[in-house]
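Please treat every number below as a calculation from the coordinates, not as lab data. If you're wondering where the values come from, they're calculated on a predicted model, not measured in any experiment. For neighbour counting, all protein chains shown are included, and Cβ atoms are generated from backbone atoms with ideal geometry for every residue, glycine included.
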Amino acid sequence: MNTRLCTLIAAAAIGFASPTVSAQTVWDMPTGYAAANFHTENISQFAADVDKATAGKLKITVHPGGSLYKANEIKRAVQGGQAQIGEIIFGGYANENPLFGTDNVPFLATSYAEAKKLAASQKPAMETLLAKQGLKILFSVPWPPQGIFAAKPINSAADLKGVKWRAYSPQTSRIAELVGAQPVTIQAAELSQALATGAVAAFMTSGATGYDSKVWEQVKYFYDTQAWLPKNAVLVSQKAFDALDKPSQDALLKAAGEAEARGWKVSEEKTKFYLEQLTKNGMNVAAPSATLKAELKKVGDTMIGEWQKTAGAEGQAILDAYRK
């Protein structure tokens with residue numbers, strides 16, 4: 001009799017305990033950037049905030065630096081359910097749909113204020129596009145303005161002819177074509193090695209990527225062209241989001257809103273820091289020459305026109321909202 005009673009008590013204890021054990025949800029979150037990058041630091045804070053707000057019910061494990069999936073594999077991994085959440089750079093998918101490349105159009109939005117206005121104009125179309133792919137945008141954060149890094153001085157577009165140019169998106173490849181450089185697709189995590197082996201000798205990116213990759217070990221010139229402010233976006237599988245209980249969903253969205261506000265603030269604040277660090281490490285940091293600036297403006301005008309044609313009515317609606 002006592003044995004049977006003990007068995008019933010043990011079974012009841014397991015029954016009560018099992019919902020607690022099964023209640024915890026663990027998500028894998030791949031990112032393409034180093035753990036010390038400000039985007040990744042912001043994401044790590046976001047994950048910690050979600051853990052705290054849900055009392056551990058939802059845990060997000062961050063995998064930085066392309067360690068789980070390479071940067072260009074992350075979107076497909078989230079779409080396919082291999083990861084529940086992940087970080088992408090919008091512009092990397094412009095070949096899939098030109099709307100992804102909105103914030104990579106050169107000289108369309110060149111300041112934080114303009115980038116914020118463009119992001120607001122772009123957001124409804126992006127939400128609709130990603131919803132059709134089973135994805136939901138949680139938040140997006142811009143990189144600092146893009147400039148040109150080069151191994152040799154660049155006084156005009158002619159100095160870029162034939163140069164191996166690192167590209168990370170269709171737009172950066174198109175810039176190379178328009179100035180006569182040779183585009184080579186290299187992800188941020190592979191940039192240091194590409195520079196060391198001579199695979200690339202010039203590229204456009206932010207001071208942040210230059211700092212993270214210690215590019216001063218191979219290149220000595222940075223031209224602060226402030227061409228555009230591309231955004232990284234944190235996407236979640238709609239299926240994974242829908243599987244959460246309502247309090248966890250609310251906590252996730254609240255933490256995402258805070259991460260977006262924090263990320264924009266940190267990005268702008270660190271822009272000056274990154275350029276100072278490039279100078280401190282022996283790089284020549286300067287504004288582009290009048291000639292180079294004028295030539296890049298022509299490249300920008302060409303690419304804005306091309307983007308308008310390919311993006312069609314949706315793209316025009318974004319531009320109209322942005323230019324109001």
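Distance between the pseudo-spin-label points of ASP245 and LYS280 (7 Å out from Cα toward the beta carbon): 4.7 nm. Under 14 Å from a point 7 Å along the Cα-to-Cβ line of ALA321: which residues of segment 92-117 have their amide N that close? Only 99-100, 102-103, 116-117 pass the distance filter.
Backbone geometry of segment 136-146 corresponds, through the Karplus equation with coefficients 6.51, -1.76 and 1.60 at θ = phi - 60°, to 3J(HN,Hα) couplings of 10, 7, 8, 6, 9, 9, x, 7, x, x, 7 Hz, x marking Gly and Pro.
Annotation: segment 168-301 has a Kirkwood hydrodynamic radius of 17.5 angstrom, from the mean reciprocal C-alpha pair distance. Distances between placed amide hydrogens fall under 5 Å for TYR221 paired with ALA150, ASN284, all partners being 5 or more residues away or on another chain. The residue list PRO106, SER121, ASN95 was ranked by how far each Cα lies along the charge dipole of segment 78-137 toward its positive end, using unit charges on Cβ atoms, and SER121 comes out on top. Derived value for segment 172-239: Kirkwood hydrodynamic radius 13.7 Å. Basis is the mean of 1/r over every pair of different alpha-carbon atoms. Rg/Rh, computed from the Cα trace of segment 65-138 with Rh as the Kirkwood radius, has the value 0.99. Working note: Cα gyration tensor of the chain, eigenvalues times five, square-rooted, sorted largest first, giving semi-axes of 43, 22, 16 Å.
With the helix formula -39500 (n - 2.57) applied to DSSP H stretches of n ≥ 4, the chain reaches a computed 222 nm mean residue ellipticity of -16500 deg cm²/dmol. For THR25, the residues 5 or more places off, or on other chains, whose built amide H falls under 5 Å of its own are LEU58, LYS59. The residues neighbouring VAL285, those whose beta-carbon lies less than 14 Å from its own, together hold a net charge of +1 under the Lys/Arg +1, Asp/Glu -1 convention.
A cut-off of 5 Å between modelled amide H atoms, ignoring neighbours fewer than 5 places along the same chain, links THR185 with ALA167.
Of interest is the spacing of the C-alpha centroids, which for segment 148-211 and segment 260-324 amounts to 16 Å.
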